[in-house]
Amino acid sequence: MSSTASSESASGLDSLAVGGDALVGMATLGKTAAALALVIAIILVCTALLRRWNPQKRAAGGHLRVIGSAALGSRERVVIVEVEGTWLVLGVGGGQVSKLHELEAPARPDGEASRPPVEGERFAARFARALKHNAGLGGRGRGDS
């Protein structure tokens, strides 16, 4: 009887050891998953904070402001940038920036100085209006009724 009891006892210890290894493996997997979730949460919080503070608007001490941009190709863009009262029309693409044109920024009324561009307004319409205003054409152009 003692041999049967000892063999049952040995098989019970073996099954406990195998079960213990499985529990340790599951605990390690759980810790790894928790660490990964923590890293992802930190990344999401940092991204939300950066979007809220929007460092792009404060670049170069507030002297640089992107007026608008338009894609010309898959990697080429035309960008209008205002720097200290001057608009620069820049061509951006292929790892380089080229100045295409330079003109004085149009005078803005005091109320409009801090107003961001209208969300639904297209770049082409804003650019055409700015060019008309700068050229002195004012209200009615070819496309206006």
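So here's what we get for this one:
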{"item": "Charge context of Val79, other residues only, Cβ under 14 angstrom, K/R +1, D/E -1", "result": "+2"}
{"item": "Packing rank of 65-76, 30-41, where each peptide gets the mean count of other beta carbons within 10 Å, highest leading", "result": "65-76, 30-41"}
{"item": "For the stretch 125-131, 3J(HN,Hα) per residue [Karplus equation, 6.51 cos²θ - 1.76 cosθ + 1.60, θ = phi - 60°, Hz, x = Gly/Pro]", "result": "5, 5, 5, 5, 5, 5, 5"}
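No value in this document is a laboratory result; all are computed from the given coordinates. In this text the structure is predicted, and so the values were computed from the model without any measurement. Heads up, the Cβs are rebuilt from the backbone with ideal geometry, glycines too, and the neighbour counts pull from every protein chain shown.
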